[in-house]
Amino acid sequence: MTSETNTAASTPETPALPPPPSKPLRICCYGSSSSRTPKKYTDAAYRLGRFLALRNHTCVNGAGSAGCMAAMNRGANDADGKIVGVIHEMFVVDGSDWFTGSSEVFGKEAKRKHEILVARGKDLQERKRLLVEGADALVVMPG
């Protein structure tokens, strides 16, 4: 394999990657946003985010600041992947920095390839629609 990401030695935590897919996928990932999420789950979420990024897939999720969502975003960010966070306007607090409460990968120093979508409406239905819109696959993690 000639790709730099595919030449690393395989370990139990980082298995060797198969050849890249013919096209990047948009993958919607659901997972916990709790700081009490067990480490074994956040470790797995980090590896998932990293794997998706190394395969050039876009990771779409709720932009949580803790739990599986945050760990997955850190993994994707660390591997220079593209992340789309979908939040609802009800989580944007009266004129404050609207990144407060979202994963740090979306903060002011975020890589330009990350994106935040803000859903509108009286409930979370629009947010749910934006999460799955255009998704090629869904992943459900604990939480």
Please name all residue pairs, on different chains or six or more residues apart, with Cβ atoms under 7 Å, provided the first residue is in region 52-75 and is without any contact (Cβ under 8 Å) to a residue 60 or more places away in the chain and the second residue is among the acidic types (Asp, Glu) and open to solvent by 10 Å² or more (accessible area, probe 1.4 Å). ALA53/ASP80
Residues of region 53-65 being in contact with a Gly (Cβ under 6 Å, 6 or more places away or on another chain) and part of a helix (DSSP H, G or I), in sequence order, are ALA53
In region 32-48, anything open to solvent by less than 20 Å² (accessible area, probe 1.4 Å) and under 22 Å from ALA119 (Cβ atoms) is listed as SER32
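The values are calculated or read from the model by the stated rules, or taken from the named source; none is laboratory data. Owing to the predicted nature of the structure, the values given are computational and were not obtained by experimental measurement. Note that we place each Cβ from the backbone using ideal geometry, even for glycine, and neighbour counts take in every protein chain shown. When the accessible area is computed, the model is the full protein with side chains, heavy atoms only, and any ligands, DNA or RNA have been set aside. Shrake-Rupley method; radii C 1.70, N 1.55, O 1.52, S 1.80 Å.
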